[in-house]
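Notes to accompany the following structure.
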Amino acid sequence: MSSPRNCGSARWVTVAPWWTYFVRDEGAAEETFRATSPARRFRLAMNAYSYAFLPMLLGVAFLAAGVKKSLGHLGEHLHTGPALAGGVALFLAGDVAFRTAMRLSPPAFRAAAVPVALGAAPLGTHVAAVAELVALVVILVAMPAAEARACRGVPAGDGLSVTGRAHAAEPHMQRSRAPFKGAPRP
């Protein structure tokens, strides 16, 4: 049951979290960080790049352990517990925390995907490892696709950061155009 096709689902479940992290808002975190006042940057950096990254890193570790344990047993029931689904859910929860701290595009789709990912665990324990892997890939591809579709009407080149577009009702979140403190604004 460890055919190249089935192993492909294991490869995709390891690539998909990377894709969900970097899709759409590639430079928005940097823009948000620059737009934040120097007095608030340390707190923002600690919340986003330290506290929010911990569950993401643990999720990657759990996911890697789950993939390692399942690769030779794709057609069998998993005995490793919810390592695959738990890893993806933990990663997504950390991504939600990161996006919330950085005030990036609304993380509702990612937050909704957390319990859905956890719901894939019984597929691995009762059906087969490959079923859980495929379900997780579908979740990790469908979630950012639905998010992108919901945000499709947001203009891309309007001079605001992604953060500014996502939170247009909050003027204090719009990007500062001053390159450094005290510089004149255009």
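Every number here is computed from the coordinates shown, using simple stated rules; none is lab data. Predicted model only: the values in this text are computed from it and were never measured. All Cβ positions, glycine included, derive from the backbone under ideal geometry; neighbour counts span all protein chains shown.
Computed quantities for the displayed model
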{"read-out": "Estimated FRET transfer efficiency (residue 112, residue 45; beta-carbon r; R0 25 Å; 0.05)", "value": "0.35"}
{"read-out": "Net charge, residue 70 excluded, C-beta distance under 11 Å - Lys, Arg +1, Asp, Glu -1", "value": "0"}
{"read-out": "Inter-site label distance for residue 57 and residue 100 at 7 Å from Cα along Cβ, in nm", "value": "2.1 nm"}
